[in-house]
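**Q** Below: one structure in structure tokens.
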């Protein structure tokens, strides 16, 4: 969406992009160093993403162990703050 002045000058814009959001990756501590659970989770997520017609997901990490796992899998940190913005009612 864009807001323009009467002469067509762009005054502001805001885009809406549908994305797949995968959240909550977790592996119990006893399995973290073995790798089998991570491989199975990654395989399953790849199947879900392919079925959705996408090539990746937006995801997050609540602790450094998960962040390290995501980075080892090729994830890149996004250099901005992310928010949930309620547009109707309260969050």
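**Q** For region 51-62, which residues satisfy the criterion of being modelled with pLDDT of 90 or more, within 27 Å of residue 80 (Cα to Cα) and not in a strand (DSSP E or B)?
**A** Taking region 51-62 and keeping what is modelled with pLDDT of 90 or more, we get 51-59.
Adding the requirement that they be within 27 Å of residue 80 (Cα to Cα) leaves 52-59.
Residues satisfying the conditions are 52, 53, 54, 55, 56, 57.
**Q** Given 29, 4, which one is loosely packed, with under 10 Cβ neighbours inside 10 Å and farther than 27 Å from residue 55 by Cα?
**A** Numbers: 4 fails: loosely packed, with under 10 Cβ neighbours inside 10 Å.
After ruling out the rest, the residue left standing is 29.
**Q** How many residues does region 63-83 hold that are at pLDDT 85 or above and part of a loop (DSSP other than H, G, I, E, B)?
**A** Adding up the residues that qualify gives 11.
**Q** Pairs, please: C-beta under 6 Å, at least 6 apart or cross-chain, first residue under 12 Å from residue 18 (Cβ atoms) and in region 47-58, second exposed (fewer than 12 other Cβ atoms within 10 Å of the Cβ) and at pLDDT below 95?
**A** Here the result reads 58/19; 58/21, each pair linking region 47-58 to a residue that is exposed (fewer than 12 other Cβ atoms within 10 Å of the Cβ) and at pLDDT below 95.
**Q** Okay, moving on. Take region 1-30 and flag every residue that is under 15 Å from residue 67 (Cα atoms) and touching a residue at least 24 places away in the same chain (Cβ under 8 Å).
**A** Across region 1-30, the qualifying residues are 22, 23, 25, 26, 27.
**Q** Report the residue count in region 50-77 for those that are out of contact with any strand residue (DSSP E or B) (no Cβ under 8 Å at 6 or more places or on another chain) and farther than 14 Å from residue 24 by Cα. Before you say what the answer is, go through the steps one by one.
**A** In the first step, residues of region 50-77 are kept if they are out of contact with any strand residue (DSSP E or B) (no Cβ under 8 Å at 6 or more places or on another chain); the result is 50-56, 60-69, 71-74, 76-77.
Subsequent filtering for residues that are farther than 14 Å from residue 24 by Cα retains 50-56, 68, 71-74, 76-77.
Residues meeting the conditions: 14.
**Q** Still on this structure, please answer the following. Filter region 42-63 down to the residues that are within 16 Å of the chain's Cα centre (by Cα) and more than 26 Å from residue 15 (Cα to Cα), then identify the one that is surrounded by the fewest Cβ atoms within 10 Å (Cβ to Cβ). Working first, answer last.
**A** Within region 42-63, the subset within 16 Å of the chain's Cα centre (by Cα) is 42, 45-46, 48-50, 52-63.
Checking which are more than 26 Å from residue 15 (Cα to Cα) leaves us with 42, 45-46, 62-63.
Working: 42: 14, 45: 17, 46: 13, 62: 11, 63: 8.
Among those residues, the one meeting the criterion is 63.
**Q** Test residue 39 against the stated conditions and say whether it is outside any loop (DSSP other than H, G, I, E, B) and surrounded by 10 or more Cβ atoms within 10 Å (Cβ to Cβ). Spell out the reasoning first.
**A** Details: outside any loop (DSSP other than H, G, I, E, B): yes; surrounded by 10 or more Cβ atoms within 10 Å (Cβ to Cβ): yes.
Spelling it out, residue 39 is indeed outside any loop (DSSP other than H, G, I, E, B) and surrounded by 10 or more Cβ atoms within 10 Å (Cβ to Cβ).
**Q** Given the criteria over 26 Å from residue 87 (Cβ atoms) and either at pLDDT 90 or above or part of a strand (DSSP E or B) (or both), does residue 11 qualify?
**A** Numbers: over 26 Å from residue 87 (Cβ atoms): no; either at pLDDT 90 or above or part of a strand (DSSP E or B) (or both): yes.
Against the criterion (over 26 Å from residue 87 (Cβ atoms) and either at pLDDT 90 or above or part of a strand (DSSP E or B) (or both)), residue 11 does not qualify.
The values are calculated or read from the model by the stated rules, or taken from the named source; none is laboratory data. Keep in mind it's a predicted model, so treat the numbers as computed, not measured. Reconstructed Cβ throughout: ideal geometry from the backbone, glycine too, with neighbour counts over all protein chains shown.
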